[in-house]
Amino acid sequence: MNAPVKPQDLKSGATRRELVVGATLVGGALLVGCGPGDILSIGAKKDFGAFGPFIKIAADGAVTVISKHIEFGQGNHAGLAAIVAEELDADWSKVKVEQAAAIANVYANTGMGVQGTGGSSAINNSWTQLRTAGAGARAMFVDAAAAKWSVPAAEISVKDSVVSHTKSGKSAGFGDLLADAAKIVPVKTPALKDPKTFTLIGTDRVRRKDSQAKSDGTARFTQDVHLPNMVVAMVAHAPRFGAKVTSFDATEAKKVAGVVEVYQIPTGVAVVADNTYAAKKGREALKVVWDETKAETRGTDKLQTDYTDWANGKGTLPEKIKWQSFEAKGDATKPTEGQVFEATYDFPFLAHATMEPMNCVAEISGGKAKLTFGSQIPTVDQLNTAKIVGMLPGAVEIETLFAGGSFGRRANFQSDYVTECVHIAKKVGKGRPVKLVWTREDDMTAGYFRPLTHHRVKIVTDKDGYPTSWTHKVVTQSLMKGSPIPSKGIDASTVEGAMGSPYLKATPVVDGQVLMPELGVPVLWWRSVGATHTAFVMEHTIDQLARKAGKDPVAYRLAMYEKAGATRHAAVLKLVAEKAGWTNPAPAGWSRGVAVHESFGSVVAQVAEVKLMDGVPKVGKVYTAVDCGIAIAPDQIAAQMEGGVCYGLSAALFGKVTLKDGAVEQTNFDGYRVLRNSEAPTVETYILPSGDPPTGVGEPGVPPIGPAVANAILAMNGQATNSLPFVRS
Amino acid sequence: MAMTLEVNGKSIAIAADPDTPLLWVLRDEVGLTGPKFGCGIGQCGACTVLVDGSPIRSCSMPISGLAGMKISTIESLGGNHALQLAWVKNDVPQCGYCQSGQLMSAAALLAAKPKPTDADIDAAMDGNICRCGTYQRIRSAIKEAAGMPAAAKV
């Protein structure tokens, strides 16, 4: 029933990430020379028990839901467990969640084709799968009770893990019926509940299952792994991207008490020690000479100047780099009557800056490879590990732990810090566990940033102030460049949010183009990906157009949504405007700004109340309305909106990574300022009622906050914001 | 070289060098994993523990100066501290990595000011970064644990 993942499965209706992750799968498989499905099933444990790979039921009737998705804050474990518990009619208060092993042919993300978490897809891709699993298990208990009590199955009800037959007065818990239920052959397509009859999904009873462990210090993260005979490794990394080790002198490092050995590995020089502090001191004592002949030495000032020139038709484009169209209709070269609006926008490199710096534990010996860490795309981590240790990917065991945040950082096609740990563990050998610890400085300077990005727009408006022509140029690195098959055409992740925007749908003439230069700086998805910059450009531009037209920004947007048929945008905008009291004056001393953006299948509208204190924006309250389909865990949707606002606001206010001669200048939280408690707004979340399948909430709360703040400042003093962050230090 | 530290009410003989930051002694030698490593320079607060009741960043505090002082980590709160109950009730944590430090800063705050104002909370909690953005729930939970109405700050 669990068919192996085949390359052809990846073709139909594939999304961008699906294709690329699929390609990684195929690429890795080719390397070891047989079909990916087969490879990934080798080493997989198949004894899932009577209720399948997603449900375990103990002798006392306690239900454990197996999550194929990592939990690093998004609250997906709560939502995934609730989907099963709803259909199973399990006692929610006793439901537990366990993390699945890495077994792609069982636990693949149905939207990706490999096992992995990302693109705010955990709930969405699991919705039918877990409802079916829960309903199937419920049917087994019902059938077992019907047979045991000799009553019709249709007369049996289940509530809170208790199976009852009212007429006969018989009832039994899941535990009592376990042996009988386990013998029932599960039906392939059990009847699912009518969502109108849901008693758990959509209620505030759906709460996190990990809050206690995460409040008493017992939640286990990679940093907390301590195994017998384990050593700790730190790596001296190159000061510039692309530099290599010429030579090193470990004499002083080896004199540090506790240092065990020093090894050269592809990414630098690793110091292996008995404990973390010895590894750190050993690394400090190490002398490394770097070969920087192939290193990236450009600074961000130079890059920004180049990007601006290229978007403005000046300067010489790098060899083989061409403008590519992402959206075109009508003839943008034909002169159009009307007022012209032009603007440029600049966005810096951003670090994910997760609270837990990247780390990994690896045990490698002949025939065994085990990784213990917060693996976001286990299949890719298995493939990359397999290449190094010469094993079949399916035989690489991964125990996935909680991770202290990701925001995109751990979904990395190169498995950068993972392979670094594997290389060290291979050198150490004999299956001795190695914990690779990155310091904050390692984490900040390793790259994988949100790319530096430049936008240039030229818009012609009609007599009512609405766009008749929209020319849009984007310069940004491709996120796909480092993938196994770099996209030959448009890398949608660079322009998503501009591409497909309702404002472009409502504009007759559109010419959208993207230029994707190649740099030595590694870049990666950063919570909400392309929307981190496109939402700002679209939403702040629209507000400026509305104000030029003398129209209310909400009314102006609604008129454009009407033209574009963007009914979901209109619905969340109306809801947030109502909740924020948009038609009333803003609270005294505060200015208000609005923004709306669709990402990952969800549409979010936000109204931010802002004032300037010594020129620095202070955000007091943020009203948020979200359409994410049917709401599984309303309180966790609210939590993701609160978190998304803070993450987006932190970047908009302060986030900026700069390079000086190619070297990262911000190495810790002293240089890379992030939002703190006193700077956090109060977020109120309103969920649009919906009967549609659930869509994601991990990322969609991020994009609107930056432009909402910019629009509030625009409303306050007429000043547009043409580069982020707002606060320059 | 050996010294003794008092951690969560127990005297523990420590073999580490005196210049070793308390965090690494707690984690690697004492075996307490509640206090977390985040930045190593006292900027993020994930490593916060109490020394004689005052919150300190253990990542940048050498053990040499801590002889005879009472060190308390998240493990000392016991799991049912009023703050921990409020944290769970409000589902404060997301990724959870910063929360041990957040709770220790909050515990020190409530010990000093049982009914903290918003300004008190700002001052006590600004040293603890949360990248998931759980700040407003942290504020609500502190107020709830203090028996105050959890109204939003103004």
Fill in the blank from the handout: Subset of the stretch A:615-652, residues acidic (Asp, Glu) and either at the interface with chain B (Cβ under 9 Å from one of its Cβ atoms) or in a loop (DSSP other than H, G, I, E, B) (or both), comes to A:635, A:642
Practice task
Determine whether residue A:307 is part of a helix (DSSP H, G or I) and under 32 Å from the mean Cα position of the chain (by Cα).
Solution key: yes
Practice task
Report whether or not residue B:142 is touching a residue at least 40 places away in the same chain (Cβ under 8 Å), within 11 Å of chain A (Cβ to nearest Cβ) and either of a type in the set (Lys, Arg) or within 25 Å of residue A:587 (Cβ to Cβ) (or both).
Solution key: yes
Handout entry: Counted residues, the stretch A:79-106 - those being touching a strand residue (DSSP E or B) at 6+ places or on another chain (Cβ under 8 Å) and buried (at least 24 other Cβ atoms within 10 Å of the Cβ)
Key = 8
Exercise for the section: Kindly establish whether residue A:655 is farther than 23 Å from residue A:408 by Cα and in a loop (DSSP other than H, G, I, E, B). Expected result: no
Exercise for the section: Might you let me know whether the stretch A:456-464 holds any residue that is over 30 Å from residue A:284 (Cα atoms), in contact with a helix residue (DSSP H, G or I) (Cβ under 6 Å, 6 or more places away or on another chain) and among the hydroxyl-bearing types (Ser, Thr, Tyr)? Expected result: no
Practice task
Take residue A:159 and decide whether it is more than 39 Å from the chain's Cα centre (by Cα) and either basic (Lys, Arg) or closer than 29 Å to residue A:599 by Cβ (or both).
Solution key: no
Exercise for the section: State the number of residues belonging to the stretch A:369-416 that are over 13 Å from the mean Cα position of the chain (by Cα), assigned to a loop (DSSP other than H, G, I, E, B) and closer than 17 Å to residue A:100 by Cα. Expected result: 2
Exercise for the section: Read through the list (1) in contact with a strand residue (DSSP E or B) (Cβ under 8 Å, 6 or more places away or on another chain); (2) crowded, with 21+ Cβ neighbours inside 10 Å, then give the number of the only condition that residue A:162 fails. Expected result: (2)
Problem - From B:40, B:96, B:45, B:79, residue being of a type in the set (Gly, Ala, Ser), out of contact with any strand residue (DSSP E or B) (no Cβ under 9 Å at 6 or more places or on another chain) and closer than 28 Å to residue A:374 by Cβ - result: B:79
Handout entry: Leading residue by the ranking (surrounded by the fewest Cβ atoms within 10 Å (Cβ to Cβ)) among those in the stretch A:53-74 that are of a type outside the set (A, V, I, L, M) and under 16 Å from residue A:174 (Cα atoms)
Key = A:60
Completion exercise
Scanning the stretch A:486-535 for residues that are aromatic (Phe, Trp, Tyr) and over 23 Å from residue A:338 (Cα atoms), the one surrounded by the most Cβ atoms within 10 Å (Cβ to Cβ) turns out to be A:526
Problem - Residue under evaluation residue A:227, criteria (1) over 19 Å from residue A:359 (Cβ atoms); (2) surrounded by fewer than 22 Cβ atoms within 10 Å (Cβ to Cβ); (3) among the aliphatic types (A, V, I, L, M), criterion not met - result: (1)
Handout entry: the stretch A:193-214 - residue that is loosely packed, with under 14 Cβ neighbours inside 10 Å and not β-branched (Val, Ile, Thr) and, of those, nearest to the other protein chains (Cβ to nearest Cβ)
Key = A:204
Problem - Filter pass, residue A:725 being in contact (Cβ under 8 Å) with a residue 12 or more places away in the chain, away from chain B (no Cβ under 14 Å) and touching a Ser or Thr at 6+ places or on another chain (Cβ under 6 Å) - result: no
Handout entry: Residue check for residue B:105: of a type outside the set (Lys, Arg), more than 10 Å from chain A (Cβ to nearest Cβ) and touching a Gly at 6+ places or on another chain (Cβ under 7 Å)
Key = no
Practice task
Looking at (1) in a loop (DSSP other than H, G, I, E, B); (2) at pLDDT 95 or above; (3) among the aliphatic types (A, V, I, L, M); (4) under 26 Å from the mean Cα position of the chain (by Cα), find the lone condition where residue A:200 falls short.
Solution key: (4)
Exercise for the section: Check residue A:293 against each of (1) touching a strand residue (DSSP E or B) at 6+ places or on another chain (Cβ under 9 Å); (2) in contact (Cβ under 8 Å) with a residue 24 or more places away in the chain and name the one condition it does not meet. Expected result: (2)
Completion exercise
Cβ pairs under 7 Å, 6+ apart or interchain, first in the stretch B:1-14 and in contact (Cβ under 8 Å) with a residue 24 or more places away in the chain, second exposed (fewer than 10 other Cβ atoms within 10 Å of the Cβ) and of a type outside the set (Asp, Glu), ordered by first then second residue, are B:4/B:11; B:4/B:13; B:14/B:2
Fill in the blank from the handout: Every listed condition ((1) buried (at least 24 other Cβ atoms within 10 Å of the Cβ); (2) of a type outside the set (Val, Ile, Thr); (3) closer than 30 Å to residue A:209 by Cα; (4) more than 14 Å from chain B (Cβ to nearest Cβ)) holds for residue A:595 save (3)
Problem - In the stretch A:658-688, the residues that are over 23 Å from the mean Cα position of the chain (by Cα), among the aliphatic types (A, V, I, L, M) and part of a loop (DSSP other than H, G, I, E, B) - result: none
Problem - Hits in the stretch B:30-50 - residues which are at the interface with chain A (Cβ under 10 Å from one of its Cβ atoms) and among the aliphatic types (A, V, I, L, M) - result: B:32, B:41, B:46
Handout entry: Residue selected from the stretch A:402-446 under the condition touching a helix residue (DSSP H, G or I) at 6+ places or on another chain (Cβ under 8 Å) and aromatic (Phe, Trp, Tyr), by the criterion nearest to the other protein chains (Cβ to nearest Cβ)
Key = A:407
Fill in the blank from the handout: Of (1) in contact (Cβ under 8 Å) with a residue 40 or more places away in the chain; (2) more than 10 Å from chain A (Cβ to nearest Cβ); (3) aliphatic (A, V, I, L, M), residue B:92 satisfies every one except (2)
Practice task
All but one of (1) under 30 Å from residue A:362 (Cβ atoms); (2) surrounded by fewer than 20 Cβ atoms within 10 Å (Cβ to Cβ) hold for residue A:217, so report the exception by its number.
Solution key: (2)
Practice task
Filter the stretch B:51-61 down to residues that are surrounded by fewer than 20 Cβ atoms within 10 Å (Cβ to Cβ) and of a type in the set (Ser, Thr, Tyr) and give me whichever is farthest from the other protein chains (Cβ to nearest Cβ).
Solution key: B:54
Completion exercise
Given the conditions (1) surrounded by 19 or more Cβ atoms within 10 Å (Cβ to Cβ); (2) farther than 25 Å from residue A:543 by Cβ, every one holds for residue A:705 apart from (2)
Handout entry: Residue check for residue B:71: surrounded by 22 or more Cβ atoms within 10 Å (Cβ to Cβ), more than 12 Å from chain A (Cβ to nearest Cβ) and not basic (Lys, Arg)
Key = yes
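The values are calculated or read from the model by the stated rules, or taken from the named source; none is laboratory data. What you see is a predicted model; the values in this text were computed from it and never measured. Cβ atoms come from the backbone with ideal geometry, glycine included; neighbour counts cover every protein chain shown.
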